[in-house]
Amino acid sequence: MPAWAKTTALLAPTVGMGVGAGGFGLSYAAPGVLAMTDALWAAAALLATGCGGAALLLSRWRNRAPAQITQNITAHGFLSRAGGTINQ
C-alpha cells in the first residue's frame, strides 16, 4: 500500500471529526455571537451619536465670521512670471 494512501486514510477521519467539532462548537456559540453583534451595533450607534453631537457643538462654538483673504497678483509682460501676495 502506498504511503499517500495510508496518510489520506488516517487523515480523513481526523479532518471530519474536526469539522464536526467546529460545527458543534458554533452551534453552542451562536446565541453569544448574536448578542455580541447586537452589543457592537449599539456601541457603533453610541459612537456615531457622540461624534455627531461633538461636531454640532464645535460648529456652534466656532467663529461665525468668514475669513477675509486679499490676494494681489501682478505680472509684467506677456510671458512673464506672475508674483503675488496673500494678506489675511
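Quick look at the numbers
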item	result
The chain: most fluctuating residue of 20, 53, 77 per GNM, C-alpha cutoff 10 Å	77
Largest to smallest principal axis extent of the C-alpha atoms in segment 42-84, angstrom	65, 23, 9
Relative contact order (%) - criterion: Cα under 8 Å, at least six apart; region: the chain	15
Phi to ³J(HN,Hα) by Karplus 6.51 cos²θ - 1.76 cosθ + 1.60 over segment 14-27, Hz, x for Gly, Pro	5, 5, x, 5, x, 5, x, 5, x, x, 4, x, 5, 5
Options [x] 50; [y] 76; [z] 40 - which one matches percent of Cα pairs over 19 Å apart as calculated here	[y]
Whole-Hz ³J(HN,Hα) from phi, Karplus 6.51 cos²θ - 1.76 cosθ + 1.60, for segment 49-54, glycine and proline x	5, x, 5, x, x, 5
Residue-by-residue Karplus 3J(HN,Hα) for segment 4-11, coefficients 6.51, -1.76, 1.60, Hz, glycine and proline x	5, 5, 5, 4, 5, 5, 7, 7
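Each value in this text was obtained by applying a stated rule to the coordinates, not by laboratory testing. Because the structure is predicted, anything quoted here is derived from the model rather than measured.
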